[in-house]
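The values are calculated or read from the model by the stated rules, or taken from the named source; none is laboratory data. On a predicted model such as this, the values are computed, not experimentally measured, just so you know. Cβ: placed from backbone, ideal geometry, glycine included. Neighbour counts: every protein chain shown. Heavy atoms of the whole protein, side chains included, go into the accessibility calculation; ligands, DNA and RNA do not. Shrake-Rupley method; radii C 1.70, N 1.55, O 1.52, S 1.80 Å.
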Amino acid sequence: MLMNEMNALLRGGPTTYVADEERVRYVPDTTSPLKLLCGNRYEHFDPTSERVRQDGHTLQVFVWSGCTYVAE
């Protein structure tokens, strides 16, 4: 795989914080949960064993598991 080639699809959670165009992305470690900074909060996504084909890429599905807020 080329460096930074799209390899993940983020599914679920509020679309207010994670736009559709940001849901297909490169994730460096597909075995660990993903913590994505969105404004003043983190959206959390857990990896699954599900894979989908989209636009010529095989993407691992990550499902939304919740959010936490940035401490001040």
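Residues that are touching a Ser or Thr at 6+ places or on another chain (Cβ under 8 Å) and not aliphatic (A, V, I, L, M) do not occur anywhere in region 16-32. When region 8-37 is filtered for residues that are within 16 Å of Val52 (Cβ to Cβ) and either assigned to a loop (DSSP other than H, G, I, E, B) or not charged (D, E, K, R) (or both), the ones remaining, listed by number, are Ala8, Leu9, Leu10, Gly12, Arg23, Val24, Tyr26, Val27, Thr30.
Kindly evaluate Asp46 against the criterion of being within 10 Å of the chain's Cα centre (by Cα) and among the acidic types (Asp, Glu). Here the answer is yes, as Asp46 does meet what is asked. When residues in region 13-67 are screened for being surrounded by 13 or more Cβ atoms within 10 Å (Cβ to Cβ) and at positive phi, 1 of them pass. Pairing each residue of region 6-20 that is within 16 Å of Gly39 (Cβ to Cβ) with any residue that is open to solvent by 40 Å² or more (accessible area, probe 1.4 Å) and part of a strand (DSSP E or B), provided the two are 6+ apart or on different chains, yields C-beta distances under 6 Å for Gly13/Trp64.
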